[in-house]
There are 2 protein chains.
Amino acid sequence: MSTTTSGSSVNVPTQFLQVQNERYAFRRFGQGSGRPLLCMQHFMGTLDNWDPAVVDPLASAREVILFDSAGIGRSTGGVPPTVSGLASHALAFLDGLGLTTCDVLGFSLGGMVAQEIAEERPSVFRRMILVGTAPRGGEDIMHLEKPSLAKYFRDPNLQGYARLTRIFFAPTESSQAAGQAFIARLSQRTDDLDPSSGPEVAAAQIAAFREWEQFTGDRFANLKAIRQPTLVVNGVHDEMIPVANSYRLAENLPNAVLLTYPDSGHGSLFQFHESFTRQAAAFLASDSPLAPY
Amino acid sequence: MSTTTSGSSVNVPTQFLQVQNERYAFRRFGQGSGRPLLCMQHFMGTLDNWDPAVVDPLASAREVILFDSAGIGRSTGGVPPTVSGLASHALAFLDGLGLTTCDVLGFSLGGMVAQEIAEERPSVFRRMILVGTAPRGGEDIMHLEKPSLAKYFRDPNLQGYARLTRIFFAPTESSQAAGQAFIARLSQRTDDLDPSSGPEVAAAQIAAFREWEQFTGDRFANLKAIRQPTLVVNGVHDEMIPVANSYRLAENLPNAVLLTYPDSGHGSLFQFHESFTRQAAAFLASDSPLAPY
């Protein structure tokens, strides 16, 4: 049904898993004694948006599993307009794989899905890495209409990866250069690619962000129930999901370490991939009940 | 004039250095290829307040220098009521030692002194670790009169180390237990001790905190001039110098990584000494011009 392939995200074949009504696309590679690491992706991102400089080093000590949720890339189904709906697909996928426990790297939207899963089924994740994301009830989550982001979406000269570099990296020479290097790394994979996400994916996921901003009762109180050791990571100049959201995560999760990077935005893990993978590997290698590593 | 002794902060002899009108007390121990690490202490802290579980591991790869500023412990002179005055003493001490460059660990008040020195004489510090501290113009710095702290100072049953445990650690069982372990480690040193700081030290240092809260011009703009790779560390439940001050440091210093610890207060570096020394050692071992490590 599924096989694990050592090697790189650049050339690992895409696999497909049929679970009930859906067929999920995923890539699985790497090996080692660590728990498998489920990687859940950002707004509109597909399997092809995972930076090999991030996921390949992590695959040297464990299996890495990249996952297209429903309606993304070559996965069937509709894109749910809620984080809870996204969590259901991720859980169905893990159940279909027969994975009862793993570690997780949730980036942006994927980090929200990871939190939702940790609340709904606490037994799944041993350790969690949440990058560039926000708690339920967070602030200023993916408001692409605000001037600091809208200018990039309105510019007809910025399409595809050129726009991604602007919105994922800080407006400095050094961060933009890191963005160019990131795009070059993504472009190494040339076969067996996912189709890009279209406007219907964007609309459903934006709806999920709007719903995630809502909260009832004590703000952030839900985070107290997430006991997993957690590493929260953010760039301090993140315009898409501002770093204050990572502060609220680290303050309210009972067992979380926060790491922030300078001169970087939403894509801090790609900009500082050497540091990030070193820190993430050290965090994942720990079997302490406590997050500090 | 000064000698370096391998070994532990628990039993290294105190040395004295005469510079102009003052005689500074210090301890110097450890060895290795790293730059010497100057350790600058917190409000009312003396040489005896450095946790051996923090400074001894760091001394395995470099010299560690613990320093009593003027009027502290057995150092002569009056305690300056400004951070700038404290920086002058630290610079005089380094000049007297003949140290033109080193790394620095500045904790709380000591972290303010480190920032001041980095601005006044940028050539001194190669890499900076700033723990539980605040930028100039920071907020809610050491307001011991606020209810959340005053209750510990008004309680006649809390004296000395018992009070320190309450104000440096979070009000949880786990953090208070870490506080007890910290005190036990401090108590290992039994000879050649500093006298404790008295009310005149407190008054002058509180004046320094009040002056440090003042700023002119653009708030935090002065931090842009501090180019050193910097590691900022804080416990998320720090009541003495709230973690928001560390956020402002990491957002405004151009080259700083932030690390926060859960379930901990002002003394997060002591509570999570294994993690802190591992992270600090990795940070100090780097010779990259960039802070991420």
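The values are calculated or read from the model by the stated rules, or taken from the named source; none is laboratory data. Just so you know, these numbers come straight off a predicted model, no measurement behind them. Ideal geometry is used to build each Cβ from the backbone, glycine not excepted, and the neighbour counts take in all protein chains shown.
Before moving on, here are some points about what is shown:
- For the stretch B:150-199, the tally of residues that are on the phi > 0 side of the Ramachandran plot, of a type outside the set (D, E, K, R) and at pLDDT 95 or above stands at 0.
Yes/no matrix, rows are residues, columns are (1) touching an Asp or Glu at 6+ places or on another chain (Cβ under 8 Å); (2) in a loop (DSSP other than H, G, I, E, B); (3) surrounded by fewer than 20 Cβ atoms within 10 Å (Cβ to Cβ):
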{"site": "A:ALA118", "(1), (2), (3)": "no, no, no"}
{"site": "A:PRO122", "(1), (2), (3)": "no, yes, yes"}
{"site": "A:THR165", "(1), (2), (3)": "no, no, no"}
{"site": "A:SER175", "(1), (2), (3)": "yes, no, no"}
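- Being modelled with pLDDT of 95 or more and under 16 Å from the mean Cα position of the chain (by Cα) holds for only one residue in A:PHE220, A:PHE215, A:PHE283, A:PHE276, and it is A:PHE276.
- Filter result (facing another protein chain (nearest Cβ under 9 Å) and assigned to a loop (DSSP other than H, G, I, E, B)) within the stretch A:265-277: A:PHE272
- Boolean, A:ASP194 is assigned to a loop (DSSP other than H, G, I, E, B), within 30 Å of A:GLY78 (Cα to Cα), touching a strand residue (DSSP E or B) at 6+ places or on another chain (Cβ under 8 Å) and more than 9 Å from every other protein chain (Cβ to nearest Cβ): yes
- Entry remark, the stretch B:202-248: residues being part of a loop (DSSP other than H, G, I, E, B), within 14 Å of another protein chain (Cβ to nearest Cβ), of a type in the set (A, V, I, L, M, F, W, C) and more than 17 Å from B:LEU269 (Cα to Cα) number 2 in total.
- Residue pairs meeting the criteria (Cβ under 7 Å; at least 6 apart or on separate chains; first within 8 Å of chain A (Cβ to nearest Cβ), in the stretch B:278-293; second surrounded by 15 or more Cβ atoms within 10 Å (Cβ to Cβ) and assigned to a helix (DSSP H, G or I)): B:PRO292/A:SER275; B:TYR293/A:SER275; B:TYR293/B:ALA282; B:TYR293/B:PHE283
- Inside the stretch A:14-30, residues that are modelled with pLDDT of 95 or more and out of contact with any strand residue (DSSP E or B) (no Cβ under 7 Å at 6 or more places or on another chain) make up a count of 3.
- Residue in the stretch A:75-86 that is under 26 Å from A:GLY217 (Cα atoms) and over 18 Å from the mean Cα position of the chain (by Cα) present: no
- Check on B:ALA114, part of a helix (DSSP H, G or I), within 21 Å of B:ARG27 (Cβ to Cβ) and in contact (Cβ under 8 Å) with a residue 60 or more places away in the chain: yes
- Whether a residue is of a type in the set (Phe, Trp, Tyr), surrounded by 21 or more Cβ atoms within 10 Å (Cβ to Cβ) and out of contact with any strand residue (DSSP E or B) (no Cβ under 9 Å at 6 or more places or on another chain) was assessed, and A:PHE270 passes this test.
- Odd one out for A:SER8 among (1) touching a residue at least 40 places away in the same chain (Cβ under 8 Å); (2) buried (at least 19 other Cβ atoms within 10 Å of the Cβ); (3) part of a loop (DSSP other than H, G, I, E, B): (2)
- Among the residues of the stretch B:64-102, those identified as among the charged types (D, E, K, R) and within 25 Å of B:ALA202 (Cβ to Cβ) are B:ASP68, B:ARG74.
- Taking each residue of the stretch A:249-262 that is facing chain B (nearest Cβ under 7 Å) and farther than 12 Å from A:VAL131 by Cα and looking for partners that are of a type in the set (Lys, Arg) and assigned to a loop (DSSP other than H, G, I, E, B) with beta-carbon atoms closer than 7 Å, six or more apart or interchain, yields A:PRO254/A:ARG227; A:ASN255/A:ARG227.
- Residues of the stretch B:146-160 that turn out to be surrounded by 16 or more Cβ atoms within 10 Å (Cβ to Cβ) and either in a helix (DSSP H, G or I) or of a type in the set (Phe, Trp, Tyr) (or both), as a count: 2
- Here the condition is being under 20 Å from B:LEU284 (Cβ atoms), in contact with a helix residue (DSSP H, G or I) (Cβ under 7 Å, 6 or more places away or on another chain) and outside any loop (DSSP other than H, G, I, E, B); of B:LEU94, B:LEU66, it holds for B:LEU66 alone.
- Some residue of the stretch B:127-135 being in a helix (DSSP H, G or I) and among the charged types (D, E, K, R): no
- From the options A:THR172, A:THR101, residue that is touching a strand residue (DSSP E or B) at 6+ places or on another chain (Cβ under 7 Å) and of a type in the set (Ser, Thr, Tyr): A:THR101
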